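As structure tokens, the structure follows; a few thoughts come after it.
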Amino acid sequence: MAHQSAPRSEQRGHGVTTSALGLRLPRRLTARRGGRLAVRVVLYAIVAGIFVVPLWSMFATAFSADAPKLGEVMLWPRGLSTGNMRTAWNLGLGQGLLNSLIIVAFGLLLQISVSAFAAYALARKRFRGASFVLLAILATMMMPEEVIGIPLYLVVGRMHMLDTYPGLILPIVGWALPIYVLTGFMKQIPLELEEAARVDGAGDFRIFRSVIIPLSWPALGTCAVFGFLMIWDQYLLPLLIVHSPKMTTLTLVVTGLQASQEQGEGVRLAAAVVLMVPSILIYLGLQRLFERGLLSGSLKG
């Protein structure tokens, strides 16, 4: 009977310790590994200090029971209270939030729909001037909002849409970024899938709805995140179009509170919290699609 050697409980060739069952055990904490761990902890602390501490201080100051001094930002609330939030709400924050939600809901839906149709035509159809059309669309991204602000105001005024929801929604429907992203993504979809659908008798709209759109969900999620942030943070357009308090948007209300000398830091930061929270929720809700859209190369075109 052959002699079998006993299983070794430790293997020190590369400093890795294994059990008799082959399970990897924690390595010894050497000076080199300890130094790496210390550097990692320091880097994590710096990142947390840059990103987490300002957000935490904003919430702490906004929901503090005691009013902070002028310019003071708290790291820990002095009691919990929603008084600052109620004050900001009574100063027009509720109306601004409602208007912004309406604008972003309809504006984002129209923006994604128009961009998807335009990208499908540019990516899947061959016609003369397609490259020129795409170049002209991208050229609009190079123009600052201040350049087209006055002409846009005159056009909206002649269409009698000042101080209305259509006047705030229609100018943001056409945006070059989602068209560019979706065009690049749809070009990567195999042509054989479209040809197979045509063999089954599908038309252009059915192919677009049943083949292209389901495969483009990652890119659509990416465009939805960027589109929401663009519409939600709009300031110049509402500033030009809105003339009455009933149509004011959340950005205008928060900006007005920031410029006011009568309100304290707690009220201002409470309004800023309301402006910030929807963006965080949208990103967390669409995070998986957003990351898939980036990893699939949809931004490379």
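The values are calculated or read from the model by the stated rules, or taken from the named source; none is laboratory data. All of these numbers come straight from a predicted model, not from anything done at the bench. Don't worry about glycine lacking a Cβ; one is built from the backbone with ideal geometry, like all the others, and counts go over all protein chains shown.
Every condition in (1) surrounded by 14 or more Cβ atoms within 10 Å (Cβ to Cβ); (2) assigned by TED's automatic domain parsing to the domain that holds Met247 holds for Thr87 except the one numbered (2).
Looking at the structure I just gave you, is Ala88 farther than 30 Å from Gln258 by Cα, touching a helix residue (DSSP H, G or I) at 6+ places or on another chain (Cβ under 6 Å) and assigned to a helix (DSSP H, G or I)? In short, no. In the range 89-110 there is no residue that is within 28 Å of Arg268 (Cα to Cα), under 28 Å from the mean Cα position of the chain (by Cα) and either modelled with pLDDT under 80 or among the acidic types (Asp, Glu) (or both). Within the range 186-205, residues that are modelled with pLDDT under 85 sit with their Cβ atoms under 9 Å from residues that are surrounded by 10 or more Cβ atoms within 10 Å (Cβ to Cβ) and β-branched (Val, Ile, Thr), at 6+ positions apart or across chains, in these pairs: Ala202/Val211. Evaluated against (1) within 30 Å of Gly83 (Cβ to Cβ); (2) assigned to a loop (DSSP other than H, G, I, E, B); (3) at pLDDT 85 or above, Arg268 falls short on exactly one condition, (2).
Only one entry of Leu229, Leu215 meets the criterion of being under 29 Å from Gln287 (Cα atoms), at pLDDT below 90 and surrounded by fewer than 19 Cβ atoms within 10 Å (Cβ to Cβ), and that entry is Leu215.
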